[in-house]
Amino acid sequence: MIALVVWLTAVAGGASEAAEGTGHDPFRPDGSWRYTNRLVESTSPYLQLHAHNPVDWYPWGEEAFALARDLDRPIFLSVGYSTCYWCHVMERKVFSDPEIAATMNAHFVNIKVDREERPDLDRIYMAATQLSTGHGGWPNSVFLTPELKPFFAGTYFPPEDVPGRPGFPRVLETLQLAWVERRDEVEQVARRMVLEIGRIEAGARVPQPPAMAWIDSAIGGLKRRYDGTHGGFGGAPKFPPVMRLQLLVDAWERNGDGEARRIVEHTLSAMALGGIHDHVGGGFHRYATDAQWRVPHFEKMLYNQAQLIRLYARVHRLTGNERWRGVIEATLQYVAREMTATNGAYFSALDAESEAIEGKYYTWTRQQLVDVLGGEECETLLKVYGLEHVPEGAGEVLYQRTPLAETATAMGRSLERLQRQLKASLERLRQKRRSRAYPLLDDKIITSWNGMLIAAIAEAGVALGNDAVVEAAAGAARAVLNHLRTDDDRLLRIYRDGEASQPGFLEDYAHLSEGLLSLHRATNNKEWLDEARRVMDVALADLWNEQGGGGFHFAPPSRHLIARSTTGHDMALPSANAVAAHALIELSLQTGEEKYREKAEALLTVFGGNVARAPSGHSELIRAAWRLLTLDEEGRLTALQVNREALSDFYEDLTPVPRNETVNVVNVSLGEPRRERGDHYTIDVRLSIAEGWHVNANSASADLIPTSVTVNSPDLDVTVEGIDYPPAEALFFSALQESLAVYEGVTEIPVRLRVGPATEGDRVNLLIQYQACDDSRCLAPEEAMHTVTW
């Protein structure tokens, strides 16, 4: 029987169901709300979106926990955030349904959490979902015992059964029955899940001093994974790989690494040209759904703007390229115009959808462009920009075809003239866009994200030579310190509607300290150095992991946390421990105090074994280690010595692969390059798949991870002329009542290349990514790197 691990897979951005309304009128005839629950008192925009559901929602807290214990009911925990598209869909189609709500209220205690307010809870219970399904995403739907131990998890569930996915009523019914009739099994699953989550969140610790070998390994791996055709790393979806690019900029800046520079500049260009960049209004969307960076997932997150401003500003400082100045200034203008509070701090996010359609605010039809600009002006615009189809709605997203200087030359116009024309056209489009329904703005102020933007804007102001930009960063810093710090210097995380709440986490202390240090470098004002030291000293006092030998805990201790995270790997944001390491190193340089260097050394050493094993997941720790190893070059300090057993069958045989089990079911090999004609070659990628297993085809069914091939060369001028993915086989799963697009047996993928002049020993790298499944489980996605030598 197909495992529910496949049935329940529903990564937030990948579900395919339309988001039409529910038909449930939330209002009484007199216009008042039909339902109101406890979330109406919350200051979280995300929780307030659910305040008028018929679900009897509770915020995370003792009131809900006590009720679950008193009634002996399981807890349904729903974690999301205000700009999450599929969170909105589940709110409209599931949580607004009175019949579904009645079942939830009768058999469960229902808790809502905003992941941006409680990243500690988000980390812990996302680990439960990844253990259960092999994937993660939001909304995150987790079922807990009254002791807060997870026993079942998934992401988006539709209001009724659909092919490949059980409806939420079926999930509720099955789990309520299991709670009553198979309680021992449920408790056993919960105990094992807690043990595994605790192990993951504690981090496997094999102390190892920082070493230059980490840096060489990480940079070599990035060069091999680089997408030489489209920029970035690997295939779709593509998130801005800021932390990896910053490491490559280090190699470029420190060692004059030309290949690192080429990868960075190509990727920055690809992102700036693509639809992930909002060409009309400025700023960047959260990620691209395709390998070409053209079709975005339309959320705009403050942390994305911060990361990308900082990266583009650094590269602009190194190169003086005015093209990057334009990207930086447009993003700064967007943040100032649409994400800045009256007190000078910054709002957290802008939603992806408006009028229940993702991207509707941002997309255009050709006729709409003509209506706004007229025929001749529209024709000029569309020589510069293309229109790419998006999955939702009738519009298309603008992307830039080539760098503007190249387009101007091809059109026979001066760059300056074309820039003036486009600026006027894009401003008209922006003004027209303002008349549309605006996406939901999440106007809460988050300490850590503000710290990131303070650092970015301070550094951008220096790179641009603009004192007003630096002063904007200083104004934001004052606002955060005034509103989000207690009398005893402890940070709070959230500020909204005049109210600060939630004790700060490590990322709040680390990012704010780093932002203040960036302001100190930009202004040479000792006030900011003193404030950074105060912030970091509190983190050391409250969060340092003395018993574990070093590093920081992510959160203060709490009896309501089933695990306490102490990890160093990067995710969407850089590791908070890594950011803290950067801040400690800078403090050691600026103050001369040895304690900060010692703490940075201990932190890097305690995570050293993890970094050595998996450098690709620890870019920011590696960057910090590189700086610590070479501090003598900065004239201050001496360099360091370089030296799932089945959980249960009550939900249809969920059997994730135990973490210590290796299952080798796919063998990847390459054929010798075949010269077709002239400089045209074909290389055959062969996947030999074990009997009873399959890999997802390209394109894959539903939201599964497709098989893909990415090509780059450190030595040759290589153009990918085509990757001939074979036709998919339709494999029918009776439990799903659906066929999935797969490859089985021996599958060959011809890769057609045009190769420039080659000399003996020149290399072409091919990165093959795939996910193998059988009829009861999906393994973690894998990648195989192969090099062809000419």
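The values are calculated or read from the model by the stated rules, or taken from the named source; none is laboratory data. Owing to the predicted nature of the structure, the values given are computational and were not obtained by experimental measurement. So basically every Cβ, Gly included, is an ideal-geometry build from the backbone, and we count neighbours across all protein chains shown. Keep in mind that these areas ignore ligands, DNA and RNA; they rest on the heavy atoms of the full protein, side chains included. Shrake-Rupley method; radii C 1.70, N 1.55, O 1.52, S 1.80 Å.
When the criteria are applied in full, Leu382 fails the requirement of being at pLDDT 95 or above, at negative phi, buried (at least 19 other Cβ atoms within 10 Å of the Cβ) and not β-branched (Val, Ile, Thr).
Criterion first (modelled with pLDDT of 95 or more, open to solvent by 20 Å² or more (accessible area, probe 1.4 Å) and aliphatic (A, V, I, L, M)) does Leu573 satisfy it? So Leu573 fails the test. Scan segment 696-714 for residues that are modelled with pLDDT under 85 and either acidic (Asp, Glu) or farther than 22 Å from Leu731 by Cα (or both) and the total you get is 2. Take the residues in segment 339-365 that are more than 22 Å from the chain's Cα centre (by Cα) and within 22 Å of Leu573 (Cα to Cα); name whichever of them is least open to solvent (accessible area, probe 1.4 Å). If we take residues in segment 339-365 being more than 22 Å from the chain's Cα centre (by Cα) and within 22 Å of Leu573 (Cα to Cα), then Ala345 is least open to solvent (accessible area, probe 1.4 Å). The single condition among (1) under 30 Å from Trp528 (Cβ atoms); (2) of a type in the set (A, V, I, L, M, F, W, C); (3) open to solvent by 30 Å² or more (accessible area, probe 1.4 Å); (4) not in a helix (DSSP H, G or I) that Ile494 does not satisfy is (3). In segment 602-651, which residues are at pLDDT 80 or above, more than 30 Å from Ser132 (Cα to Cα) and surrounded by fewer than 16 Cβ atoms within 10 Å (Cβ to Cβ)? Passing the criteria: only Thr630.
Return yes when Arg337 is within 18 Å of Val249 (Cβ to Cβ) and either at pLDDT 95 or above or touching a Gly at 6+ places or on another chain (Cβ under 7 Å) (or both) and no when it is not. Judged against the criteria, Arg337 is not a match.
Across segment 70-111, the qualifying residues are those that are hydroxyl-bearing (Ser, Thr, Tyr) and at pLDDT 95 or above, and the one among them that is most open to solvent (accessible area, probe 1.4 Å) is Thr103.
Scanning segment 325-362 for residues being assigned to a strand (DSSP E or B), under 19 Å from Thr289 (Cβ atoms) and not small (Gly, Ala, Ser) gives a total of 4. Could you tell me whether Glu459 is at negative phi, assigned to a helix (DSSP H, G or I) and open to solvent by 60 Å² or more (accessible area, probe 1.4 Å)? So Glu459 fails the test.
Scan (1) farther than 21 Å from Leu311 by Cβ; (2) in contact with a strand residue (DSSP E or B) (Cβ under 9 Å, 6 or more places away or on another chain); (3) open to solvent by 20 Å² or more (accessible area, probe 1.4 Å) for the single condition Lys526 breaks and write down its number. Only one criterion is unmet by Lys526, namely (2). Across segment 235-258, the number of residues qualifying as in a helix (DSSP H, G or I) and open to solvent by 40 Å² or more (accessible area, probe 1.4 Å) comes to 5.
Looking only at segment 30-50, count every residue that is closer than 23 Å to Leu148 by Cα and open to solvent by less than 60 Å² (accessible area, probe 1.4 Å) and tell me the total. Don't jump to the end; show me each part of the working.
Quick first cut of segment 30-50, residues closer than 23 Å to Leu148 by Cα only: 37-39, 42, 44, 46-47, 50.
When the remaining residues are screened for being open to solvent by less than 60 Å² (accessible area, probe 1.4 Å), the result is 37, 39, 42, 44, 46-47, 50.
So the count comes out to 7.
Scanning segment 291-312 for residues that are more than 14 Å from the chain's Cα centre (by Cα), open to solvent by 10 Å² or more (accessible area, probe 1.4 Å) and within 23 Å of Pro574 (Cα to Cα) yields Ala291, Arg310. Close contacts from segment 80-98, counting a first residue that is in a loop (DSSP other than H, G, I, E, B) and a second that is polar (S, T, N, Q), with Cβ to Cβ under 7 Å and a gap of 6+ residues or different chains, come to Ser96/Thr22; Ser96/Asn53; Asp97/Thr22.
For (1) in a helix (DSSP H, G or I); (2) over 30 Å from Ile75 (Cα atoms); (3) open to solvent by less than 30 Å² (accessible area, probe 1.4 Å), each residue gets a yes or a no:
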site: Gly550; (1), (2), (3): no, yes, yes
site: Ser558; (1), (2), (3): no, no, no
site: Ser565; (1), (2), (3): no, no, yes
site: Glu586; (1), (2), (3): yes, yes, yes
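Based on this model, can you work out whether Val280 counts as of a type in the set (Val, Ile, Thr), at pLDDT 95 or above and under 23 Å from the mean Cα position of the chain (by Cα)? Full working, then the answer.
On the way: of a type in the set (Val, Ile, Thr): yes; at pLDDT 95 or above: yes; under 23 Å from the mean Cα position of the chain (by Cα): no.
Judged against the criteria, Val280 is not a match.
Taken across segment 743-758, residues that are open to solvent by 50 Å² or more (accessible area, probe 1.4 Å), at pLDDT below 90, charged (D, E, K, R) and not in a strand (DSSP E or B) do not occur at all.
Okay, residues lined up against (1) at pLDDT below 95; (2) among the aliphatic types (A, V, I, L, M):
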position: Gly154; (1), (2): yes, no
position: Pro159; (1), (2): yes, no
position: Arg165; (1), (2): yes, no
position: Leu172; (1), (2): no, yes
position: Trp179; (1), (2): no, no
position: Arg182; (1), (2): yes, no
position: Glu185; (1), (2): yes, no
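When residues in segment 118-134 are screened for being over 17 Å from Cys84 (Cα atoms) and not in a helix (DSSP H, G or I), 1 of them pass. A Cβ distance below 7 Å, combined with a sequence gap of six or more or placement on separate chains, defines the contacts here; from segment 206-220, residues that are at pLDDT 90 or above reach residues that are in a loop (DSSP other than H, G, I, E, B) and open to solvent by less than 60 Å² (accessible area, probe 1.4 Å) in the pairs Pro209/Leu640; Pro210/Leu640.
The residues of segment 260-291 that are farther than 17 Å from Arg433 by Cα and part of a loop (DSSP other than H, G, I, E, B), listed by number, are Gly274, Ile276, Arg286, Thr289, Asp290, Ala291.
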